[in-house]
């Protein structure tokens, strides 16, 4: 059985369930932003409080285990009840917890999730022990002996360890996939850019892609010309199959007066080292880029209960499928199916599928949904 090591965060997730916070929309020149509103001094009655465990490392470790791999998790928790819950959940799933560290100084990471009346959610995140991994704590031997390294968000000081982690994997011919968080993309840009030469698969959502582009421009103005779309509509004349171009291939990512082309983003970041780049775009679908083409698959219609963990479920399943020997097109389908299952449940782990369940669901998906575009 192939061995997978996941690295990243561990949390306890607390859901405050009630009819939902009021919303306010602020419209800017080129965008509209939604905000939750709470009346000052108000006492809000909640219907229920739900507790689950989360964090990229633990979510992905459970996903890989259910998909048929020998799965091990490296993260840091506190010596508290939240930490015990994390360990208990992983043990129930038969995930190897021998590499999980226990901090004497910091509590386990926690998240509080609040829903709006429209169904969106806002997360209050306390990183806790997740941000305090040390260089001498990296399980180098475990990295050398695994068949796949899967890295999720590394917060605060832990993000500085990324170059050493991926170099160890590269030196030992271990493939690396990474799904970094928004704070790591914004604040750890140099470390991430330095590491991309040793990363095979780079996974992020559309908001994170924009964050990464802005951070790169901040460090090097030349990237503005490389990423920017001249118009509010992305130039797609070099792309095939123009009849039903997906959203991000026709409408750029925007920030104030900047218009970013996802097509140009793929080209530039591929030069930095990754063989495959994935950009998920929520309900609009997923884009996968290699040096040869951009592949798009729309999302699957499903009842959305909770979107927390959608990225972990997609990314881990996409990588697991490639590791099982699926081609990139079926790996994309599998990732979307797994993600659709997860967002139909509260919590990031309950909806994760087994390999058998995934096979059954893929048979029901139309085969002509994938679109391919050459550079």
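Read-outs: derived from the displayed coordinates by stated rules, not from any lab. Just so it is clear, the model here is predicted, and its values are computed rather than measured. Here the Cβ positions follow ideal geometry from the backbone for every residue, glycine too, while neighbour counts run over all protein chains shown.
Couple of notes before you dig in:
- The slack between residue 50 and residue 293, meaning 0.36 nm per residue of separation minus the straight C-alpha distance, is 83.2 nm.
- With R₀ set to 30 Å, the beta-carbon distance separating residue 33 from residue 250 gives a calculated FRET efficiency near 0.85.
- Anisotropy class of the stretch 47-137 from Cα gyration tensor, a/c 1.5 cut: oblate
- Distance (nanometres) between label positions extended 7 Å along Cα→Cβ at residue 79 and residue 101: 1.6 nm
- The listed peptides 337-347, 43-53, 89-99, ordered by packing as a protection proxy, come out as 337-347, 89-99, 43-53 (highest mean of other Cβ atoms within 10 Å first).
- Of all DSSP beta bridges confined to the chain, the antiparallel ones make up roughly 55%.
- Antiparallel content of DSSP bridges confined to the stretch 1-150, in %, to 5: 50 percent
- Span per principal axis, largest first, for the Cα atoms of the stretch 298-375 (Å): 37, 25, 24
- Cα gyration tensor, the stretch 1-109 - rounded (a/c under 1.5), prolate or oblate: prolate
- Whether the chain is rounded, prolate or oblate, judged on the alpha carbon gyration tensor where a/c under 1.5 counts as rounded: rounded
- Legend: calculated FRET efficiency, residue 172 to residue 120, from the Cβ-Cβ distance at R0 = 51 Å, rounded to 0.05, equals 0.75.
- Averaged over residues, the count of other Cβ atoms within 10 Å places the peptides 58-70, 313-325, 212-224 in the sequence 58-70, 313-325, 212-224, highest first.
- Potential lengthening between residue 135 and residue 284 on full extension [0.36 nm per residue; Cα-Cα distance subtracted]: 49.7 nm
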